[in-house]
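Below: the structure, in structure tokens.
The values are calculated or read from the model by the stated rules, or taken from the named source; none is laboratory data. Computed from a prediction, not measured in an experiment: that's the story for all the values here. Backbone-built Cβ (ideal geometry, glycine too); neighbour counts: all protein chains shown.
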Amino acid sequence: MIGANKKKKVSEFATAYTVGNALTKGGATVKLSALVMGLANMAHKQIIKGLIFLAIEIAYIAYMVSAGAYYISMLPSLGWRKQEEVFNEQKQIYEYVEGDQSVLLLLYGVITIAITVLFIYMWCENLKSGYKAECLSKAGKEINSFGKDVKDLFDKNLHKTLMFLPLMGIFIFTVLPLLFMIPMAFTNYSVKGDHLILFDWTGFASFGQVLGLGGKLGKIFWRVLGWTICWAVFATFLCNFLGLILAIVINRKETHCKAFWRTCFVISIAVPQFVSLLVMRQMFQPHGTVNNLLLEWGWIDNPLPFWTNTMWARVSVILINCWVGIPYTMLQVTGVLQNVPSELYEAAKIDGANAAQIFFKITLPYIMFIMGPYIITQFTGNINNFNVIYLLSAGKPTPVGDSAGKTDLLVTWLYKLTIDNQEYNIGAVIGILTFIVLSIVALVTYRNTKSYKDEEGFM
């Protein structure tokens with residue numbers, strides 16, 4: 001069955017209009033389109049389409065001649081000319097001569113490579129389009145005019161039109177920064193050694209510093225990674241477990257004033273999260289509300305070290321995160337509970353199942369089936385939960401001389417490395433490693449959920 005589905009999927013997207021067929025089976029104009037883009041389209045009366053392809057080729061060549069080739073050529077060295085003072089004989093003054101800036105050369109080099117990849121894609125589309133026009137002409141079939149192609153973009157190809165802007169947004173704001181960050185990890189771009197203006201390729205040296213257990217940086221990384229995973233597990237589990245219990249209690253038939261109780265918890269969502277976190281941070285200070293009340297009641301003799309002791313700080317951020325996150329889970333579970341088919345409960349009661357059996361055999365599996373992807377998303381979000389950690393503890397307590405505190409996550413440590421310490425190469429390494437951890441965890445866990453394996457399990 002699976003094999004049949006795969007074959008169906010392949011045949012659905014299969015086409016005879018490929019680059020290989022265009023270069024081997026196409027006519028002279030099609031083959032010449034490999035050199036002069038749009039030639040085959042213009043030869044088959046698709047003038048505007050052909051001119052667009054030709055304009056793309058001319059624009060690319062002009063860009064490469066004027067700047068692109070230079071940026072590509074500078075990638076191996078990343079520049080070497082320093083800013084210097086040069087005496088101007090004519091003006092009898094010293095003038096600054098601008099030197100190379102490695103970060104700009106790297107950025108423009110990456111952009112040039114991205115533009116080249118896009119050009120290669122358009123080159124392939126040019127060949128396929130020209131070959132298609134030739135085949136349709138030989139078969140005596142109608143060849144779409146430019147107006148017909150534009151009309152199709154708002155009809156049968158509407159999905160392409162609607163997806164264009166989102167895809168461009170992803171490419172510009174997600175893919176390009178990622179492509180820029182990855183090569184930065186293989187340089188010495190850092191305030192250390194005065195490598196902020198001119199820096200060099202260093203291979204995997206930065207990765208060795210971060211992953212090695214022998215150095216100080218490596219020890220900090222593994223400590224922060226361990227706490228990040230522990231934080232994500234506890235924060236995700238507690239929010240979902242307590243939110244689940246709360247939703248079930250409110251959803252019981254015996255519970256009165258359901259709307260009132262739900263409204264009470266929804267109100268906490270209406271308050272901006274950063275406001276709640278900043279208020280909580282002040283309340284748990286040594287002279288904050290919590291410590292003052294405990295001292296007045298005589299429960300403690302000295303203020304509790306909520307943000308100065310490692311264990312207290314870690315427990316505090318987890319519990320406060322529960323206060324912020326539980327209402328969201330409660331609303332999610334409430335929506336799921338209200339959509340559990342009543343026939344399942346009726347059948348279970350007829351079979352003599354008790355309340356516990358109904359919960360573990362019907363309610364919980366149904367909730368997990370629906371909320372499996374949401375829990376995975378929440379887990380990955382907690383790994384990158386910058387707001388809660390930074391606004392509550394700012395990563396403290398921080399050992400003397402360390403760049404990361406005891407409550408710092410990988411994402412907050414990355415922020416400190418780049419913004420505070422200007423160690424951009426190490427920050428890039430942390431970003432790449434965080435991406436790898438998240439990708440593995442998200443993909444492995446999602447592919448093992450029933451939501452993925454059995455999409456119609458509860459249909």
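Worth a mention:
- Of the residues making up region 142-160, none is assigned to a helix (DSSP H, G or I) and under 30 Å from Gly431 (Cβ atoms).
- Unique residue being under 23 Å from Val117 (Cα atoms) and over 24 Å from the mean Cα position of the chain (by Cα) when the list is Lys132, Lys151: Lys132
- Check on Leu278, within 23 Å of Lys396 (Cβ to Cβ) and loosely packed, with under 15 Cβ neighbours inside 10 Å: yes
- Candidates Phe199, Phe221, filtered to the one that is at pLDDT 90 or above and assigned by TED's automatic domain parsing to the domain that holds Ile367: Phe221
- Residue count for region 383-423 satisfying the condition of being under 26 Å from Met184 (Cα atoms) and either assigned to a helix (DSSP H, G or I) or not assigned by TED's automatic domain parsing to the domain that holds Trp222 (or both): 15.
- Filter result for Leu158 (in contact with a Ser or Thr (Cβ under 7 Å, 6 or more places away or on another chain), over 19 Å from Ala43 (Cβ atoms) and at pLDDT below 85): no
- Of the residues making up region 236-251, those that are over 16 Å from Met371 (Cβ atoms) and either in contact (Cβ under 8 Å) with a residue 60 or more places away in the chain or not assigned by TED's automatic domain parsing to the domain that holds Ser268 (or both) number 1.
- When region 367-391 is limited to residues that are among the aromatic types (Phe, Trp, Tyr) and surrounded by 19 or more Cβ atoms within 10 Å (Cβ to Cβ), the one that is farthest from the chain's Cα centre (by Cα) turns out to be Tyr390.
- Of all residues in region 54-79 being within 20 Å of Gln101 (Cα to Cα) and surrounded by fewer than 15 Cβ atoms within 10 Å (Cβ to Cβ), the one that is farthest from the chain's Cα centre (by Cα): Ser66
- Neighbours by Cβ (under 8 Å, 6+ apart or cross-chain): first from region 299-319, free of Cβ contacts under 8 Å to residues at least 60 places away in the same chain; second outside any helix (DSSP H, G or I) and polar (S, T, N, Q): Phe306/Gln285
- Contact annotation: residue pairs with Cβ atoms under 7 Å, 6 or more positions apart or on different chains, pairing a residue in region 266-283 that is touching a residue at least 60 places away in the same chain (Cβ under 8 Å) and under 9 Å from Leu391 (Cβ atoms) with a partner that is of a type in the set (Val, Ile, Thr) and surrounded by 11 or more Cβ atoms within 10 Å (Cβ to Cβ), are Gln273/Val324; Leu277/Val388; Met280/Ile320.
- Residues (without any contact (Cβ under 8 Å) to a residue 40 or more places away in the chain and either assigned to a helix (DSSP H, G or I) or within 12 Å of Glu125 (Cα to Cα) (or both)) located in region 22-42: Thr24, Ala28, Lys31, Leu32, Met42
- Test: residue in region 251-260 that is touching a Phe, Trp or Tyr at 6+ places or on another chain (Cβ under 6 Å), surrounded by 14 or more Cβ atoms within 10 Å (Cβ to Cβ) and within 19 Å of Tyr328 (Cα to Cα): no
- A single entry from Asn448, Asn384, Asn354 fulfils the requirement of being of a type outside the set (Gly, Ala, Ser) and touching a residue at least 24 places away in the same chain (Cβ under 8 Å): Asn384.
- Scanning region 189-208 for residues that are surrounded by fewer than 19 Cβ atoms within 10 Å (Cβ to Cβ), of a type outside the set (Val, Ile, Thr), more than 14 Å from Trp80 (Cβ to Cβ) and within 28 Å of the chain's Cα centre (by Cα) turns up Leu196, Gly203, Phe204, Ala205, Phe207, Gly208.
- Qualifying residue in region 443-453 (condition: assigned by TED's automatic domain parsing to the domain that holds Val324, assigned to a helix (DSSP H, G or I) and closer than 15 Å to Ile229 by Cα): yes
- Any chance Lys416 is without any contact (Cβ under 8 Å) to a residue 24 or more places away in the chain and either on the phi < 0 side of the Ramachandran plot or crowded, with 19+ Cβ neighbours inside 10 Å (or both): yes
- Test for Asn448: is it of a type in the set (S, T, N, Q) and surrounded by fewer than 16 Cβ atoms within 10 Å (Cβ to Cβ): yes
- Residues within region 43-65 that are among the charged types (D, E, K, R) and not in a helix (DSSP H, G or I), tallied: 1
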